[in-house]
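The values are calculated or read from the model by the stated rules, or taken from the named source; none is laboratory data. Bear in mind that the values here come from a model prediction, so they are computed numbers and not experimental data. With ideal geometry, Cβ positions are generated from the backbone for all residues, glycine too; neighbour counts draw on all protein chains shown. We work out accessible area using only protein heavy atoms, side chains counted, and drop any ligands, DNA or RNA first. Shrake-Rupley method; radii C 1.70, N 1.55, O 1.52, S 1.80 Å.
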Amino acid sequence: MAAAAARGCGGVWRRAWQRGAGGPAPRGQRALACNVRAGAVPAGKSGLAPWVPVVGLEIHAQISSNSKLFSGSQVQFAAPPNSLVSFFDASLPGTLPVLNRRCVEAAVMTGLALNCSINKKSLFDRKHYFYADLPAGYQITQQRVPIAVNGSLSYSLCIDNKMSQMVTKTVRIKQIQLEQDSGKSLHDDTRSQTLVDLNRAGVGLMEVVMEPDMCCGEEAAAAVRELQLILQTLGSSQAVMAEGQLRVDANVSVHHPGEPYGVRTEVKNINSIRFLAKAVDYEIQRQIEELESGRTILNETRTFDSKLGCTVPMRDKEEKQDYRFMPEPNLPPLILYDAKSLPANMNHQQVVNIDWIHERLPDLPSVKRAKLVEQYGILPEHSFTLLNEDGLTEFFEDVIKQTQMKPKKVIGWILKDLLSYLKQYSLTVKESPVSSFLLADLLNHLEKKEISSTAAKQVFAELWKGEGKTPLEIIKEKKLQLIQDQKDLEQICQAVIDGQENEVMAIKAGNRKVLNKLIGLVQRETRGRSNPVLVKQLLEKKLSE
Amino acid sequence: QRCLSLIKSTKFLNAYITVAEETALKQAEESEKRYRRGQPLGVLDGIPIAVKDNFNTAGIETTCASNMLKGYISPYNATVVQKLLDQGAVLLGKTNLDEFAMGSGSTDGVFGPVRNPWSYSRQYKEKSVPKSHSEDKDSNWVITGGSSGGSAAAVSSFTCFAALGSDTGGSTRNPAAHCGVVGLKPTYGLISRHGLIPLVNSMDVPGILTRCVDDAAVVLGSLAGHDPKDSTTIQDNFKLFELPNLTDVSKLSIGIPKEYHAPGLSSEILALWSKAADLFKNAGAKVIEVSLPHTRYSIVCYHVLCTAEVASNMARFDGLEYGHRSDMNKSTESMYAATRREGFNAVVRGRILSGNYFLLKQNYENYFIKAQKVRRLIANDFVKVFGSGVDILLTPTTLSDAVPYTEFIKEDNRTRSAQDDILTQAANMAGLPAINVPTALSERGLPVGLQFIGRSFQEKQLLTVAKWFEKQVKFPTIQLEEVKRHDHGVFQHQKSASFL
């Protein structure tokens, strides 16, 4: 969640750079382009020009497909080791790659969603390096001409952690390339052996390269979150970071405004969005501290240690590799068509038509949010929260369909009650014990003024237990119906007034706030079964008598 | 069975690495049953065929004549092997080659050199005996050429009806020329490479070795066509053809590329070449001298592209998933290094090293990219010549007849390959079909062949012309003395046992 990620880095920022909100506008162009709150980071102890952090991302998204990029083996997370390995995946001599059309379509879809131009002709290359989980000794990738280039991604984040102040930013997408995933190596240090699982070897990846248009962990996190939502909306990747379907490498450097970019480091092994924000911010801070103490930054690969919360140099990638790129001779150029270039006699099952895919793109998150705001009159920030939780939008819309309550009021129940319960119990929307039907039912009782909102919360708490009772049953069981008999209510109000002489005096002396206390007392007396508006009226009437 | 016993009696040729006796007998039995039922699987049913040991064969060792793959049994059949088996062919065994098909002599495999059957022919003995009289009787044998020398020798010595080779720079046509058999290199993309252990993916093609052009056409017909497992094969299905008996060549235009008058071309072959040209001319064909100006850059260019792909293709042999693994276990890296040092011979290691050098970032533009550009120029040379109305190019296949082994090994593999591929290699660069047709015997009594190069995917035209030529030159049958002693009359029988 973007908001959570943003929260994560706030402390680090201030300590390191003593930044103040609303500071002077930055001079450096880069700073202008990328700083959310204050502009360029003020200098530390040395008192020199401020620092401008630059963050670029390389994101590997595993393509959601039945089979691998170049072989017929199945793709499945957490299958028994080496159970999904074809002869090609194990690089048996004489085997050849055969491109999976589904993977191409996923990449085209993603490219279109990220406003890229799709290359009608793209090429595959071999990237060589020796590693135990790379059986062929090379990875097939798209180094020279990738499938999609020159796109952009808009994402939003909140300023100073306030949901009400959202800023929309854009990061340029340099390219999207198709490539093979590697297998997994497991190092058993005690027995000094390495075990290799090739289930993942050859699974299709989309590498999305984002230009260094970001300047802090918060921005990087928000951009990745938006990308994740887009991929999930398209279905081109499940993009679950915990399952390694989305892996982020961050390129980080700092420099003074007007000067060339500093030496960058690459931070790998970031496996959650929260850690991405932390890793990037840690790395920015570390680089500034290094430079300000007169040291230099090495162009190196580092890894984020989530337990220590810091980045450390990676040992096995120390040596600079020459990947000896070479065209993949076993794959002809990948040719894509559009409506115009599509040859009439071509078998439609064998070609990929860009226009066809374009027409069938689902609504992207940004469009969905705009529609939610427009259709239901909810706040833009609420639309973000709705989309950020998988299934929450659908839940919300289901409730709306089944209740007379206005969407603006429903959203409060969704975000304040349902969501906080889900968070508290670490459940997903799908796992919620309160279905959209039950919630709508409950809200209808509230809307019909059969119960007070206090009582409704009690009913919700009961529903959460998942005992299969309907809201009405709970209302009856707990006797939560509003007291419909005005005389009964008047009596209770009178009793409260009679018992609270001091308060009555205060109200009569003009302290209206005390009235709320009396309302509360009536509520307590009726165990939430009174309509506060009505109680207020009654009390006021009685007090003015 | 006759073939199997012949294989045994010609064991000294070292043509086979593995003889699949048991499975071959079983296949033959089943084939016989089918014939008895009157339901043969196809024209190749029951036909004994040998396969070069760089094609994967399920259940039969595939070694590439390398320590790296000694004992390696593939779990799958190469598409071409599968197609042969599907047609009922009997797979006799796996034939010898240069390690990973890198060489032009069939002398650089871990199982030793292949001996040319013609070394033991009456024709060679009669003409060359005086010269070698004083020497050890056995030291005079000549090489087969390579790298598909085992396949060429197997066909030439009648141990099989046809054999599969592979052709990357001439590896099918060169040994075919030296062993006096037909060697066809089809157009790139016509036959699936799936299951062929690659040398240079962008030039490799499965090659066909037979005793006559008609046979080559039949085998081609059963192998050609799209393979979903090889993305570089043609999309269309291949149409079977029968070769017509050409009677009139007057509509043909035969090109004689002057650049193939290469340095080192023996006068004997030069004479034969012009005789062949005259043959066409006299029969009414148009014979014109043409120019393929970039031919001379071909070998250098090939060296760069070949080694680069070799470096890449050989990267998978790391001892992890299959093949040889060294006992060295200090670290993964040291295991890799030791495995590859022990598994590959010096030729392979040398090519890997130079290939990696050409692919280095600082060299890529200067070598690899340049070589690719030259390759395009070479291919364009052919396009231009064929565009000008020439139907078929006629060239020598080799510079000379086969040399004795003792001579051959005086030069290193690289020099040899560069010399021997010089006339065959450009066709691979351009992906064109080419065929060696045995033409005559040299003064030493050894076979000499000529090469025809055709237009892309115009195998039918190429083979038709080759067949006409074959008929005119009446290349003599090999007379194998030593074997004959054991196996009387087999050869005549085999020769006439044509299935057509």
* Structure fact -> Computed over chain B, the relative contact order (Cα-Cα under 8 Å, seq sep at least six) in percent reads 18
* Would you compute, from DSSP H runs of 4+ residues alone, the mean residue ellipticity of chain A at 222 nm, taking -39500 (n - 2.57) per run and dividing by the full residue count, rounded to the nearest 500? => -11000 deg cm²/dmol
* Asked: Looking at region A:323-346, which residues lose a minimum of 40 Å² of accessible area between their chain alone and all protein chains in place, measuring with a 1.4 Å probe and not counting ligands or nucleic acids?
  -> A:Arg324, A:Met326, A:Pro327, A:Pro329, A:Asn330
* **Alpha-carbon centroids, region B:79-94 and region B:11-68: separation in whole Å** => 6
* Structure fact -> The orientation-averaged projected area of the Cα convex hull of region A:493-543, in nm², is 2.9
* To do: Quick one: P(r) of the protein assembly as shown from all Cα-Cα pairs, 10 Å bins, percents rounded to integers, in order of increasing distance.
  => 2, 9, 15, 17, 15, 11, 9, 8, 5, 3, 2, 2, 1, 0, 0
* Just read off the accessible area of B:Met335 with the full protein assembly in place, 1.4 Å probe, to the nearest 10 Å². => 20
* Asked: Which chymotrypsin sites (Phe, Trp or Tyr not before Pro) does region A:268-368 hold that lie in a coil by DSSP with at most 13 other beta carbons within 10 Å?
  -> none
* To do: Determine the share of region B:237-327's accessible area contributed by carbon and sulfur atoms, expressed in whole percent, with a 1.4 angstrom probe.
  => 53
* Structure fact -> Distance in Å, no decimals, from the C-alpha centre of region A:71-128 to the one of region A:484-543 is 71
* How about region B:195-297: which trypsin sites (Lys or Arg not before Pro) there are in a DSSP loop, with at most 13 other Cβ atoms within 10 Å of their Cβ? -> B:Lys239, B:Lys251
* Structure fact -> Inter-part gap, Cα centre of region A:306-355 to Cα centre of region B:380-430, in whole angstrom, is 37
* Given the pairs A:Lys423/A:Lys457; B:Lys127/B:Lys467; A:Lys423/A:Lys449; B:Lys239/B:Lys467; A:Lys406/A:Lys541, which are separated by over 23 angstrom at their Cα positions? -> B:Lys127/B:Lys467; A:Lys423/A:Lys449; A:Lys406/A:Lys541
* From largest to smallest, what semi-axes in whole angstrom does chain B give when each is the square root of 5 times an eigenvalue of its alpha carbon gyration tensor? -> 30, 29, 24
* **Shielded by partner chains, region B:313-347 residues - at least 40 Å² of accessible area, 1.4 Å probe, vs chain alone** => B:Ala315, B:Arg316, B:Glu321, B:Tyr322, B:Tyr336
* Rg to Rh quotient for region A:245-334, alpha carbon positions, Kirkwood Rh -> 1.08
* Quick one: what does P(r) look like for chain A with 20 Å bins over all Cα pairs, in whole %? -> 18, 41, 28, 11, 2
* Just check region B:339-489 against the gyration tensor rule for me: Cα atoms, a ≥ b ≥ c as the square roots of the eigenvalues, rounded for a/c under 1.5, and otherwise prolate or oblate depending on whether a/b exceeds b/c. => oblate
* Asked: Where the Cα atoms of region A:415-541 are projected onto their three principal axes, how long is each span, largest first, in whole Å?
  -> 53, 28, 20
* Asked: So what is Rg over Rh here for region A:166-278, counting just Cα atoms and using Kirkwood for Rh?
  -> 1.03
* To do: Give me a single rounded figure for B:187-197: the average over its residues of other chain Cβ atoms within 10 Å of their Cβ.
  => 2
* Which percent of Cα-Cα pairs in region A:419-484 sits in each 5 Å bin, short to long? -> 4, 18, 31, 23, 14, 8, 2, 1
* Structure fact -> Here the averaged projected area of region B:1-157, based on the convex hull of its alpha-carbon atoms and given in nm², is 10.1
* Structure fact -> note: region A:466-526, Cα-Cα separations exceeding 15 Å make up a percent value of 60
* Evaluate 2.2 N^0.38 Å with N set to the residue count of region B:337-420, then give the Cα radius of gyration divided by it. => 1.55
* To do: Return the loop-located GluC sites (Glu not before Pro) in region A:463-499 (DSSP other than H, G, I, E, B) with at most 11 other Cβ atoms within 10 Å of their own Cβ; answer none if there are none.
  => A:Glu467
* Going down the table (B:Lys8/B:Lys410; A:Lys476/A:Lys542; A:Lys469/A:Lys536; A:Lys508/A:Lys542; A:Lys121/A:Lys320), which pairs top 21 Å between alpha carbons? -> B:Lys8/B:Lys410; A:Lys476/A:Lys542; A:Lys469/A:Lys536; A:Lys121/A:Lys320
* Calculated P(r) tail over 21 Å for region A:267-421, as whole % of Cα pairs -> 71
* To do: Could you work out the relative contact order of region B:411-461, using alpha carbon pairs under 8 angstrom and six or more residues apart, expressed as a whole percent?
  => 30
* Could you work out the local net charge near A:Leu195, counting Lys and Arg as +1, Asp and Glu as -1, over the other residues with Cβ closer than 13 Å to its Cβ? => -2
* **Normalised contact order of chain A, rounded percent, pairs of Cα under 8 Å and 6 or more residues apart** => 14
* Structure fact -> Expressed per residue, the solvent accessible area of the protein assembly as shown in Å² (1.4 Å probe) is about 43
* Answer with one residue from B:Thr247, A:Leu480, A:Val312: the one whose Cα lies farthest towards the positive end of the charge dipole of the protein assembly as shown, charges on Cβ with Lys, Arg +1 and Asp, Glu -1. => A:Leu480
* Per the 1.4 Å probe, what fraction of the accessible area of chain A, in percent, lies on carbon and sulfur atoms? -> 50
* Asked: When the Kirkwood hydrodynamic radius is evaluated over all pairs of different C-alpha atoms of region B:232-390, what value in angstrom, to one decimal, is obtained?
  -> 20.1
* Asked: A:Gln375 to A:Glu490: extension gain in nm, 0.36 nm per residue of separation minus the Cα-Cα distance?
  -> 37.2 nm
